[in-house]
Amino acid sequence: MYKLVAESHNEKTGTMPAVYGEVDSCPPTCGLFKECYGKQGRAALHWATPEKKNVHDFEGLLHWITNLPRGMWRFGVVGDFPGDGVTLNRDAITKMARANERRQVLAYSHYPITPENLDTLNAAKAAGMPINASCDSVQDIKTAIAARVPVVTYTAADDTRKSWVDDGIKYVTCPYQTLPSTPKCKDCKLCSKGDRDYVIVFRAHATKKKQIIGVV
């Protein structure tokens, strides 16, 4: 099931439509599974509201996406894409990409970096819905880059780097976390670009940030 918010006012993303998936849709192999911000704080409370308004099944999600305005939207404030915990559901994601009709979207998947999953992410990108591969190791980053899939990863909360190159890979820390102007996602748009030549890095945040060991 999916909670659909027509106008989210998230401080970081800025005003845009947003989708909350089930927290248990995330693959258990995710490196942040125990520390996930979706299981704590405002994100968890948002999903747990007693009335659970605007909750729909997958067909309802597709209808909602089809009728979105042409601006940017956010999939998976919590939760991941359809799949069995190991392999992404290519048919479901293809349907989502078709419904999206090349709208700009902020989307991430922490599914394992396997050839099959990378093929699915590439198919979504080709259909105009880039999905970032969230990577838990440098090897996964290299594998995803070689497959021409957009990549994000994370570092420690106290990492002050803004951009750097390591082993031929360029990294750029999320501008919201580095620039004095703290640009919102709706203005920054870096994560919505499918053909980036750099990895976007997020500094660990939320209440368990001190427990997170960075990938890079």
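Please determine, by comparing only the residues of region 161-185 that are of a type in the set (S, T, Y) and either at pLDDT 95 or above or in a helix (DSSP H, G or I) (or both), which one is farthest from V215 (Cα to Cα).
The selected residue is Y176.
Looking only at residues of region 2-43 that are in a helix (DSSP H, G or I) and surrounded by 15 or more Cβ atoms within 10 Å (Cβ to Cβ), we find that the one that is modelled with the highest pLDDT is S25.
When you check G194 against the structure, is it within 15 Å of the chain's Cα centre (by Cα) and in contact (Cβ under 8 Å) with a residue 60 or more places away in the chain, yes or no? Here the answer is yes, as G194 does meet what is asked.
Check region 169-189 and report whether any residue there is closer than 21 Å to T29 by Cα and without any contact (Cβ under 8 Å) to a residue 24 or more places away in the chain.
Step one: filter region 169-189 for residues closer than 21 Å to T29 by Cα, giving none.
Within region 169-189, none of the residues are closer than 21 Å to T29 by Cα and without any contact (Cβ under 8 Å) to a residue 24 or more places away in the chain.
Of all residue pairs spaced 6 or more apart or on separate chains, none has beta-carbon atoms under 7 Å together with a first member in region 114-125 that is free of Cβ contacts under 8 Å to residues at least 60 places away in the same chain and of a type in the set (V, I, T) and a second member that is assigned to a helix (DSSP H, G or I) and exposed (fewer than 14 other Cβ atoms within 10 Å of the Cβ).
Restricting V201, V216 to residues that are surrounded by 16 or more Cβ atoms within 10 Å (Cβ to Cβ), within 29 Å of N100 (Cβ to Cβ) and not small (G, A, S) narrows the list to V201. Number of residues in region 126-141 that are free of Cβ contacts under 8 Å to residues at least 40 places away in the same chain and surrounded by 16 or more Cβ atoms within 10 Å (Cβ to Cβ): the value is 4.
T160 meets all of the listed conditions (1) among the β-branched types (V, I, T); (2) free of Cβ contacts under 8 Å to residues at least 40 places away in the same chain; (3) crowded, with 20+ Cβ neighbours inside 10 Å but one, namely (3).
Per the conditions (1) closer than 20 Å to C30 by Cα; (2) modelled with pLDDT under 95, the sole criterion not satisfied by L121 is (2).
Residues in region 62-88 that are hydrophobic (A, V, I, L, M, F, W, C) and more than 15 Å from R103 (Cα to Cα): V77, V78, F81, V86, L88. Evaluating D80 against the criteria (1) more than 16 Å from the chain's Cα centre (by Cα); (2) more than 20 Å from R148 (Cα to Cα); (3) not in a helix (DSSP H, G or I) leaves one unmet condition, (1).
The values are calculated or read from the model by the stated rules, or taken from the named source; none is laboratory data. Everything numeric in this text was worked out from a predicted model, so none of it was measured. Every residue, glycine as well, gets a Cβ built from its backbone with ideal geometry; the counts of neighbours run over all protein chains shown.
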